[in-house]
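See below for the structure under consideration.
The values are calculated or read from the model by the stated rules, or taken from the named source; none is laboratory data. Every value quoted in this text rests on a predicted model; they were computed, and no experiment measured them. Quick reminder, even Gly has a Cβ in these numbers, built from the backbone with ideal geometry, and neighbours come from all protein chains shown. The area values use the complete protein model at the heavy-atom level, side chains included, leaving out ligands, DNA and RNA. Shrake-Rupley method; radii C 1.70, N 1.55, O 1.52, S 1.80 Å.
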Amino acid sequence: MSSTTTSEINTPMTPKLETKLTNKAASPPKVVDESKTTPKSESSSALKSFISGGVGGACCVLVGHPLDLVKVRMQTTSGASATATTSVSGMLSNTLRKEGIRGLYRGVSAPLTAVSPMFAVSFWSYDIGQRVVKSYGQYGMSADEKTQPYVLSMSEICMAGAISAIPTTGIMAPSERIKCLLQVQANEVEKGGKAKYTGMLDCTKQVLKEGGIMSLYKGTGATLVRDIPGTVAYFGTYELAKKELMKLQGIDPNNGQLSPLAVLCAGGFAGMAFWTVGIPADVIKSRIQAAPEGQGNGIVDVFKTLIKEEGYAGLFKGLRPALLRAFPANASCFLGMEVSKKMLGFMD
């Protein structure tokens, strides 16, 4: 090694170089750059949730509509109208015999038109709800603590689920109003009555003509009463089931991915949890929404009338077809959502 090189190594650091290094050390970390990339990452995540939720919603309707039709017909049939054909198997076989496969999908256009955007909004708002809850949970943390991974607790997941129900109702309430009217009409036509509506668009036009926008949103309060606790159970059960199934499979819940079969199981249990919690409010909602214009009072009046005429058992009318439908419909929903989310991984 030359003497020049040795002297350079042994020479003390010059003030100029020392000042440069000191300034470099004193410069703040690149927080600005991270903050610039965060909104893009969050917006991409929200868009992924929106698109994949729409795919999941379409899967849910196509798989579950026949049993949903049976549920609504059971809920809106009472008193002398109730016969042996009001059982799940009786209604399914009777509908197939008289109306064929198309009869099982009576009124499907309304939910199919609305459910894809509805589930898109639901999963998008669940994503937003998670961020809201996370921001609240990180309140008071230092900048370094906020950079660490934040795992939502079960109560925070349930709160995010409750938040997701509010914007979703804006799409769900009018859709279910039209769906209920069309399904009940089919029930009346089956008994020899005359059809009032020719289809979804005609039904929507007549409802708006007769009662305006308020008539279209009839039953919104009951929909919220059903969906807020329902979505708490829905997303809470899904996340809990995923976590437990991952443990059973020896997968790290924070980093691993579920198999398609496990996703189907977790989604199915989530759907059953929703309807177990939400069926009483759903019965009341169906009665309100299926009533002709000018009929059908508020939640309290319908509740009192229902209890007086049918007892508390009337609040659980349609639970069997709802649960039978819930497992396959929501299993396919979450599988469709997870698969499409994975396919949209390039958006991260």
Notebook entry, point to check: With respect to the numbered conditions (1) in contact (Cβ under 8 Å) with a residue 60 or more places away in the chain; (2) farther than 21 Å from residue 126 by Cβ, which one is the sole condition not fulfilled by residue 176?
Noted result: (2)
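Quick grid of which residues meet (1) open to solvent by less than 20 Å² (accessible area, probe 1.4 Å); (2) in a loop (DSSP other than H, G, I, E, B); (3) polar (S, T, N, Q); (4) modelled with pLDDT under 90:
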{"site": "234", "(1), (2), (3), (4)": "yes, no, no, no"}
{"site": "252", "(1), (2), (3), (4)": "no, yes, no, yes"}
{"site": "255", "(1), (2), (3), (4)": "no, yes, yes, yes"}
{"site": "267", "(1), (2), (3), (4)": "yes, no, no, no"}
{"site": "274", "(1), (2), (3), (4)": "no, no, no, no"}
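Hey, which of the helices (runs of 4 or more DSSP H) in the stretch 77-180, taking only ones fully inside, have at least 2 residues that are modelled with pLDDT of 85 or more and open to solvent by 60 Å² or more (accessible area, probe 1.4 Å)?
Result: 109-137.
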Next item on the list: Would you confirm whether any residue within the stretch 213-233 is hydrophobic (A, V, I, L, M, F, W, C) and in contact with a Cys (Cβ under 7 Å, 6 or more places away or on another chain)?
Entry: yes
Check: Taking the stretch 292-337 as the region of interest, how many residues are outside any helix (DSSP H, G or I), surrounded by fewer than 18 Cβ atoms within 10 Å (Cβ to Cβ) and touching a helix residue (DSSP H, G or I) at 6+ places or on another chain (Cβ under 6 Å)?
Finding: 2
